[in-house]
Structure formats: C-alpha cells, structure tokens
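What follows is one structure encoded as structure tokens, with my remarks underneath.
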C-alpha cells in the first residue's frame, strides 16, 4: 500500500502520514514514512509518503500510489504517480470543483475543514481525511484505527485532545 | 516492540547505546537532526555534546578525544565531510579509531539536498592525502543503520581505524520501525591511548614499520566484507546496489522474475572493503552485471567492474543505471534491463 | 648563596631548534611549572605544525602531533576525554593566528578549559621564513621580499588583545624571552596559565615574543636589539587579562 498525503505546510500532512504509519505498524506490517524536506518544501508544499506491506518495502519515495490525499489543489500534481483505479481523497475546502482530475481515478470529495470545524477541532482536517480514507478503502477496522489514534496522542502527552481527534476521525469516517 | 524512528534520530540513539561519550559537529542538512538529538540526549546521560565552529574543528575534537580513548563521533553531509578529510587522514596516520556519519546529499560544491550516493568514491578511497582506507558501512534500512552503528565503535577500536556509516538523505529523513539494542560500554583500557604517561602509542606512519598500512588493509579486506545476495545463484542479470537503491533493485528482481527474466541482486553492506567474495555466487552463465546507483557520473560501477573482472570468467559486460539526484524507481530498473535485452542500453565496462 | 638549577625532566638537551632560537626557553619554563605541580605524568601536549614540531624529538612527555592550525580543537577534545589531565596546546603564530585563527579564537570564545602557548617570532619559521600576520611593517621575509607593505597586507595581528575581550576567558598574557628579566616574568605567566586550567577557571593564552635569528638573518645579539626596538613596542608585554581572584 502506497499513500501520499499532500497539502500546504500547516495542514498536517506529515502528521497524517505518521498516524497511518502507526496504524499499519500496529497491524504488523513493514512500514516506511518519508517526508518532503529541503527544496521540495519550498513554496509551502509539503507531503509525506507512507508505504506498508507484509514483505520488504522498496524505495521510500513515491513510486506507484494507491491513494492520494490532496489537501489542496497543487497536490493534484501527484496524481501522476497514482495507479489506474487509484483513489483520490479531495479536500473540497481547498480544491475547486472544476479542478481537472483524470477519470481513471476514483475521486472522493470530503469537505475536511468544514467537518473538522463541525467536530470543534478545526486543526484536524488531516484526521478527517484519514477517517474518510480508511472507510473508503477499508484499510483498518474502525475500532482498531481509533485505538491507535488515541494511543498516539496519549504517548505524546496530549491525552486531552483524544476525544476531539476521535470526533474529527468519525466525521470523516461517516462522510463516505 | 518496534517503534517508528526517523533515520537521523535512530543513528544518534544507536550511537548512545554503543557507548558514544562525545559528539562534536556542525549543522548541515540533511543530517542536522543527528546533532540536535544528541544535544538533548547526551547531557541527560552525563555525556558531552559540543557544537563546533566548523567541520574541521569538530573532526580534530574527535581526534583529540579518541587519542585518549573516548568513544567519539562526528557527523556531516557531503560538503562538510569534504572539510573533514584532512582530519580523517590524521586519524588514520595516528592509528586512531573514530566513528563518522555521512548522510549524503547530491552533488559537488554546495550541491543539493537530494538523496544521493555521490560521495561513494571519495569515502571508499580514503578521501584525504596519503595511503589509507576507512571502513565504510552502507545500510539500506533504519534498523540496519542502528545495528551497524551499534558495532561501529568495536570495529573501529579493533582495527584502530575510522569507521564510517554512509547514509543517504532519504534514509536520514524517513521513518521506519526500529528496535534498539541495550546500552553498552567499553570499560577496558585500549592500551595505546594517551593518558599523560607517554606510553607507546603505535603510530602507523612510523617510517620504521614499512608495510604496516598494507597489512591493515589486507586484514580488513579478509575479515570485514559484508553483503547480502538475493537470487544470484541462477541469475542472468545481477544488480549490484547498496543503500536505498538496493531496495528498489530487489523489488525489480521480483518483477523481472515474474516476467521470466532471471535477475538477482548483490547488496554490499560494506562498500569498503568492497565485498568481492559476494561475486563468487554469480553463475558462469551470467549475461550482465548492472550497477544501480544514485549518481550521475557513475561511481559504484567502477568497483563492480573490478569485482566482475576478478571473480567472473570471460568478459562479462558491466552496465550502469545512474539515477542522479533520486533513488532509482523499481519500474526504471525493470525498463533498464529491458533496454539491455533490446540492445538499446550499452555496457559501461 | 649559589642556586643550583637542574634541567626539568620533560625537556631534553640538546633540543632540535636552531642556535639562538627562543623556543627552548619557553619549553623549559613550561616543563619547570609542570614539574612544580607534579604533572609530568598527567600532561598531554598538543603540538601545532611549524617549529613546534621539533618538540616531537625533545619533549619528554605525552604529546599529540595535530594538523596545522587545529591544536586548540585537538586540545579541547583531549580535555573532554580527560578532564583530570593538563591539556596544553603549543603552537607558533602562523599556526595559531593565521591558518588556525578560527580555531584559536573559537576555543577562546567558548573558554575551553585548556592552556594555549603561542610563540610569536614574526614569521613562518619552519618553512623558511615567510610572512606571517605578525610580521612587522617593513620586515623582509621570503614572501615580503621588499619589506612588509601593510597597506596591502594589514598591520600585524594582536590576537591576545582580542581573546582578552571574551567575557569567559580566564587568563591572557604576553611575555618575551629576549631578556632575563622578561624570562622571569614569563615564568609567572606560564604558571598562571597552567594554574588557571588546574583550578577549572577556563581558557588561558600566553603569547611569547621570540627571536628567530635564522630566518631574520641576524645574529642573536642583533635579533634581541631588533625585538627591543621594533617588536616589543608594538606587542606590549604584560597580563592582558588577569585571573579572577
């Protein structure tokens, strides 16, 4: 499985990748997480690549994506790496309706920011996107995903945010 | 249980567990997190972190501390590592151990921050003035980085020679699940170190000992070659790749075998000493050896050609896939082999 | 009453310096103070590159030969590893003030707990007398063949004066070996610089003006006269930063 989270710096695309990586690790997979760094970060563009598999994982950078999470419109350029029939989760708050997307891909439109605000957690648009992605692609069972999400924030000493984050996750999960 | 760790943090933690007491360095992307991590972690354990004014000063701080036997290390990337070369030559001239980390970025001069392997020739040949070699490990995962670092000080002290971990920008920046070994320390006196008493220190550059350098090189070549072979025994085409390109090459082996092309992979874990012995497994029926590397000009391919000449019968063609400022993708590698089959890609040697 | 002086154990006679050179005097003073303190087997001397290298053959104590200009960094590493030992850097002006200016000033700036001795003989002596940053205006060297033109090359550098401005530095002095009186004073500076380290006070630097008859192309007597007339007035002698009482 190869997933890219892409967006502006500040949209939490690195953290989103890490959350997915932790879920895959919990599932007993081999995992890599690779951030955009250095020159690729210029202009506020950020992304993280997560790969997981039962066997050995090759290069950590983008090769053939199964899923692209596009938190903003410039991120759609990474669709060039997407497999035929691959899934794009589009954050409609930052991607216009008429943005061109190849019909070879399956597009899931989610207003991530709106739903995050609905969960009283406006910083968690990334977690909304994860919820939507996990449901749409059937990556992990709902309860397992929520448990890992909880654990990540507990480990960071941010226990008080667990309920808010879970609410954001469920907004995304139920939106598809 | 394994936890997700960033490569640069993991190598730093592994150094701590291997008994590193002193780190001196100067920030440079993409390895700055090594020093950042140690600046926080070392004082917690009563060890010493020192931000030096430049790369040269840092290597001579290590030189001074390891002269006295303290497990010490420095880290840098391409341009900074160039500045350290004189100090590395001094370490070798004095027969001093040390552990050096190079998280490579691409290119000469300032270069770029892209993941690369463009320091290969410099680092495997010695890099500074004079007649010496550095033992160079080239891990291809973060767990392997940790495991190699854990033994690096022991090997450096055994041979009284610097040991380098040759990492890559992407390997420093990415995260993978890692399990760490327990803390260890070397308590015994190494016997030769500076302690104020002016006991013998055994400098290698003593003109009274001709052949000492060669003897050391031969001992290391005989004992320390490390590699991993994958499906080499019946291969028609054998990739040779280290670090991250070795991972996409291995995936390419699987893909090519699905297509009915018998591919294999030799993965050097030590790039000096180069694992000549790994080539023994190549069958006499082999049709080509392919160096897969993140360089533009082609560097590893020279060692591959040397090893092929020495270990393979006949004049086996040696090809080179040079991916420049990025890790070669699995598909590119497959396409390259198809290009050899169609006669489009020509041998380098 | 006659005073019987014995040679300190850490210096050999003869040494490997040229006839008339002042290095040997500083060697001896350092050795005397180390012996006074009982640190003969607890001292590591880091030698710079230049005439200091000659001490590889005459200094009877632990010594590390480091690279040109990097003695302060090396001595810093030694002190990190062995805070219980005396870590001394011994360098010339070309080593410490020209190629190694960065390392010298940065070690001073951080106040690394080391002791640095710098022989200032106004030229690069080991390589046969080239211009140094300490070469006097008009002084003839092999790379200032018409006399040093300070309008092109700058006025002679005064590093101790710079080091003395760093707030954490423990001790800075400039002495000379051109007269018996100054040699006696210098011994006090050497003692202070070593005691500063032993007491954990921080970085100490002693610059020592020194004749170089070979490369100056003068007799010893002429050399001393030239120092008194040209060098000492520019490079003022004395303590530039005294130890905190």
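The values are calculated or read from the model by the stated rules, or taken from the named source; none is laboratory data. What you are looking at is a predicted structure, and each value in this text was computed from that prediction instead of being measured. Backbone-built Cβ (ideal geometry, glycine too); neighbour counts: all protein chains shown.
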How about the stretch C:81-118: which of its residues are within 7 Å of chain B (Cβ to nearest Cβ) and crowded, with 24+ Cβ neighbours inside 10 Å? C:81, C:103
For residues in the stretch B:334-345 being in contact (Cβ under 8 Å) with a residue 60 or more places away in the chain and surrounded by 16 or more Cβ atoms within 10 Å (Cβ to Cβ), which is nearest to residue B:114 (Cα to Cα)? B:334
Would you check if there is a residue in the stretch B:91-101 being crowded, with 23+ Cβ neighbours inside 10 Å and at pLDDT below 95? yes
Pick from B:205, B:195: which is modelled with pLDDT under 95, more than 21 Å from residue B:34 (Cα to Cα), surrounded by 13 or more Cβ atoms within 10 Å (Cβ to Cβ) and within 14 Å of another protein chain (Cβ to nearest Cβ)? B:205
Only one of (1) more than 25 Å from residue B:71 (Cβ to Cβ); (2) in a loop (DSSP other than H, G, I, E, B); (3) modelled with pLDDT of 95 or more; (4) in the same structural domain as residue B:89 (by TED's automatic domain parsing) is not met by residue B:181, so which one is it? (1)
Qualifying residue in the stretch B:135-143 (condition: in a loop (DSSP other than H, G, I, E, B) and at pLDDT below 95): no
Identify all residues within the stretch B:326-336 that are more than 10 Å from chain A (Cβ to nearest Cβ) and out of contact with any strand residue (DSSP E or B) (no Cβ under 6 Å at 6 or more places or on another chain); write none if there are none. B:334, B:335
Would you confirm whether any residue within the stretch C:198-221 is under 16 Å from residue C:30 (Cα atoms), part of a helix (DSSP H, G or I) and in contact with a helix residue (DSSP H, G or I) (Cβ under 6 Å, 6 or more places away or on another chain)? no
Quickly run through the stretch B:241-265 and pick out the residues that are out of contact with any helix residue (DSSP H, G or I) (no Cβ under 8 Å at 6 or more places or on another chain) and within 10 Å of chain A (Cβ to nearest Cβ). B:245, B:246, B:247, B:250, B:254
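For every residue, the table says whether it meets (1) farther than 29 Å from residue A:60 by Cβ; (2) free of Cβ contacts under 8 Å to residues at least 60 places away in the same chain; (3) assigned by TED's automatic domain parsing to the domain that holds residue B:167.
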| site | (1), (2), (3) |
| --- | --- |
| B:286 | yes, yes, no |
| B:295 | no, no, no |
| B:301 | no, yes, no |
| B:322 | no, yes, no |
Candidates B:326, B:309, B:331, filtered to the one that is surrounded by fewer than 19 Cβ atoms within 10 Å (Cβ to Cβ), over 30 Å from residue B:30 (Cα atoms) and either in contact with a helix residue (DSSP H, G or I) (Cβ under 8 Å, 6 or more places away or on another chain) or not assigned by TED's automatic domain parsing to the domain that holds residue B:143 (or both): B:309
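So that you can scan it fast, the table gives a plain yes or no per residue for (1) free of Cβ contacts under 8 Å to residues at least 12 places away in the same chain; (2) away from chain C (no Cβ under 14 Å); (3) touching a strand residue (DSSP E or B) at 6+ places or on another chain (Cβ under 6 Å):
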{"site": "B:34", "(1), (2), (3)": "no, yes, yes"}
{"site": "B:39", "(1), (2), (3)": "no, yes, yes"}
{"site": "B:47", "(1), (2), (3)": "no, no, no"}
{"site": "B:66", "(1), (2), (3)": "no, no, yes"}
{"site": "B:72", "(1), (2), (3)": "no, no, yes"}
{"site": "B:77", "(1), (2), (3)": "no, yes, yes"}
{"site": "B:81", "(1), (2), (3)": "no, yes, yes"}
Residues (crowded, with 23+ Cβ neighbours inside 10 Å and at pLDDT 95 or above) located in the stretch A:23-46: A:23, A:24, A:31, A:32, A:33, A:34
For residue A:5, the lone unmet condition from (1) buried (at least 17 other Cβ atoms within 10 Å of the Cβ); (2) more than 24 Å from residue B:177 (Cβ to Cβ); (3) at pLDDT 95 or above is (2)
On the basis of being touching a helix residue (DSSP H, G or I) at 6+ places or on another chain (Cβ under 6 Å), outside any helix (DSSP H, G or I) and within 18 Å of residue A:81 (Cβ to Cβ), does residue A:62 make the cut? yes
Counting only residues that are buried (at least 19 other Cβ atoms within 10 Å of the Cβ) and touching a helix residue (DSSP H, G or I) at 6+ places or on another chain (Cβ under 6 Å), how many does the stretch C:137-160 have? 1
For the stretch B:232-249, give me each residue that is crowded, with 18+ Cβ neighbours inside 10 Å and over 19 Å from the mean Cα position of the chain (by Cα). B:232, B:235, B:237, B:238
Of B:152, B:252, B:219, the only residue that is part of a helix (DSSP H, G or I), surrounded by fewer than 17 Cβ atoms within 10 Å (Cβ to Cβ) and either at negative phi or outside the structural domain of residue B:70 (by TED's automatic domain parsing) (or both) is B:219
Exactly one of B:179, B:168 is crowded, with 19+ Cβ neighbours inside 10 Å, in contact with a strand residue (DSSP E or B) (Cβ under 9 Å, 6 or more places away or on another chain), within 14 Å of chain A (Cβ to nearest Cβ) and in contact (Cβ under 8 Å) with a residue 60 or more places away in the chain, and that residue is B:168
Does the stretch B:49-64 hold any residues that are within 7 Å of another protein chain (Cβ to nearest Cβ) and assigned to a helix (DSSP H, G or I), and which are they? B:56, B:57, B:60, B:61, B:62, B:63, B:64
Determine if the stretch C:61-73 includes at least one residue that is farther than 16 Å from residue B:65 by Cα and surrounded by fewer than 23 Cβ atoms within 10 Å (Cβ to Cβ). yes
Scan the stretch C:46-69 and tell me whether some residue there is away from every other protein chain (no Cβ under 13 Å), touching a residue at least 24 places away in the same chain (Cβ under 8 Å) and at positive phi. yes
Can you give me the number of residues within the stretch B:17-32 that are more than 14 Å from chain C (Cβ to nearest Cβ), buried (at least 21 other Cβ atoms within 10 Å of the Cβ) and within 16 Å of residue B:153 (Cβ to Cβ)? 1
Touching a strand residue (DSSP E or B) at 6+ places or on another chain (Cβ under 9 Å), more than 14 Å from chain A (Cβ to nearest Cβ), at pLDDT 95 or above and more than 30 Å from residue A:34 (Cα to Cα): which single residue out of B:223, B:161 fits that description? B:161
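Yes or no, residue by residue, for (1) in a loop (DSSP other than H, G, I, E, B); (2) under 30 Å from residue A:50 (Cβ atoms); (3) over 23 Å from the mean Cα position of the chain (by Cα):
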| site | (1), (2), (3) |
| --- | --- |
| B:118 | yes, yes, no |
| B:121 | no, no, no |
| B:158 | no, no, no |
| B:171 | no, yes, no |
| B:194 | yes, no, yes |
